[in-house]
1. Within the range 161-193, count every residue that is buried (at least 16 other Cβ atoms within 10 Å of the Cβ) and not charged (D, E, K, R).
2. Determine whether the range 200-217 contains at least one residue that is among the aromatic types (F, W, Y) and either open to solvent by less than 70 Å² (accessible area, probe 1.4 Å) or touching a helix residue (DSSP H, G or I) at 6+ places or on another chain (Cβ under 6 Å) (or both).
3. Give the residue, chosen from L103, L95, that is more than 28 Å from L267 (Cβ to Cβ), surrounded by fewer than 20 Cβ atoms within 10 Å (Cβ to Cβ) and at pLDDT 95 or above.
4. Checking the conditions here, which among V158, V150, V110, V141 is at pLDDT 95 or above, in a strand (DSSP E or B) and surrounded by fewer than 20 Cβ atoms within 10 Å (Cβ to Cβ)?
5. Can we say L302 is assigned to a helix (DSSP H, G or I) and hydrophobic (A, V, I, L, M, F, W, C)?
6. At pLDDT 90 or above and among the aliphatic types (A, V, I, L, M): is that true of M275 in this structure?
7. Go through (1) part of a loop (DSSP other than H, G, I, E, B); (2) over 22 Å from F73 (Cβ atoms); (3) out of contact with any helix residue (DSSP H, G or I) (no Cβ under 6 Å at 6 or more places or on another chain) and name the single condition S257 misses.
8. I need a count of the residues in the range 286-310 that are touching a helix residue (DSSP H, G or I) at 6+ places or on another chain (Cβ under 7 Å) and either within 23 Å of R131 (Cβ to Cβ) or free of Cβ contacts under 8 Å to residues at least 60 places away in the same chain (or both).
Amino acid sequence: MSCGAILSLSTNAVAIRRIRFHNPKFCTRTLHPLSYSLFQVNFGGNHRLRLSSIRRLHLSPNATSLELPLLPFNMGEVLVPSESKVLHLYEARYLALLEESLLRKKKVFVHFVLDPILISSSGTEASFAARYGCLVFIENVERLDVGALVSIRGIGRVKLVKFLQSNPYLIGEVIPLQDRVPDDPSKIDSKLIAVKEALYSLNSLEIKLKAPKEALLQTRIANSLTWAKKEPSLECDKAFIPSLAERISFTALQPISGSTESEMLKLQQQKLRAMDVKETLQRLDDSLELVNENISIVAAKLAIQSLEMQ
């Protein structure tokens, strides 16, 4: 199954070219006004792509910037920090992006969603919101006869502030986005403990579910939590690496085994909200609520599984 979006320019339309993912994704669309950067594409004699900032989000103190390759997706494929994803890249331009990231960009690039927000009646001009940027690290590359399977990990949120190149792939300047510093860190500490305990409980239940033979031995929750608890070792400014509490606040946003399409759609909405939230404590509260809901869902599935096995 494939689900993906890569911007492709033509003389009279914006086409969406697909790339295949190792794991299927379910697509949804939610627009949060005034929290994005804007691309404007004019077609005709000259193709032009312009980026302008719409709203100032919370930036890290003394924020630095990086010039990195950009890989766009549709609104149904936002990637959150701590999440892992496997991409099948096979077009020449995206394989070139991969080589650039591996050889000259210290195995990092930016995953973001490209959301069409305006298409003129003439059909010659379109605008897109460049949103939900996430710095990613390439964890593994498996070369194939056609392209490569690329395992990536979300590190931290970034904002695209300047568009630098469109061919053969997008390159832009990005700055880090981090949560605001809390007034009372002790509240976060106690909530962090509660979230981790809930995640451990969910994981212990989830591994009891009967899974297909090809399923991973480790749950997505456990994979993200294991990563989040360690300080990422990246050769870039530390401002791009979220705090421990912020990293863990995203780990609950993973699908549980046997998720239905409606559950995946709901999770996608929750991921979009989590990327917009600026307070770690608020995201931890939301995560705790999500984990407790998933504990109830998995417990119900286990009860049904037990009856079916009798």
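1. Number of matching residues: 14.
2. No, the range 200-217 contains no residue that is among the aromatic types (F, W, Y) and either open to solvent by less than 70 Å² (accessible area, probe 1.4 Å) or touching a helix residue (DSSP H, G or I) at 6+ places or on another chain (Cβ under 6 Å) (or both).
3. Working: L103 fails: at pLDDT 95 or above.
Of L103, L95, the one residue that is more than 28 Å from L267 (Cβ to Cβ), surrounded by fewer than 20 Cβ atoms within 10 Å (Cβ to Cβ) and at pLDDT 95 or above is L95.
4. Numbers: V158 fails: surrounded by fewer than 20 Cβ atoms within 10 Å (Cβ to Cβ); V150 fails: surrounded by fewer than 20 Cβ atoms within 10 Å (Cβ to Cβ); V110 fails: surrounded by fewer than 20 Cβ atoms within 10 Å (Cβ to Cβ).
From the options V158, V150, V110, V141, the qualifying one is V141.
5. Values: assigned to a helix (DSSP H, G or I): yes; hydrophobic (A, V, I, L, M, F, W, C): yes.
Criteria met by L302.
6. Working: at pLDDT 90 or above: yes; among the aliphatic types (A, V, I, L, M): yes.
It is true that M275 is at pLDDT 90 or above and among the aliphatic types (A, V, I, L, M).
7. Single failed check for S257: (3).
8. Residues of the range 286-310 that are touching a helix residue (DSSP H, G or I) at 6+ places or on another chain (Cβ under 7 Å), as a first pass: 286-288, 290-292, 294-295, 298-299, 302.
Still in the list and also either within 23 Å of R131 (Cβ to Cβ) or free of Cβ contacts under 8 Å to residues at least 60 places away in the same chain (or both): 286-287, 290.
The number of residues fulfilling the criteria is 3.
The values are calculated or read from the model by the stated rules, or taken from the named source; none is laboratory data. From a predicted model like this one, the values you see are computed outputs, not experimental measurements. Note that each Cβ is placed from the backbone with ideal geometry, even for glycine, and that neighbours are counted across all protein chains shown. Heavy atoms of the whole protein, side chains included, go into the accessibility calculation; ligands, DNA and RNA do not. Shrake-Rupley method; radii C 1.70, N 1.55, O 1.52, S 1.80 Å.
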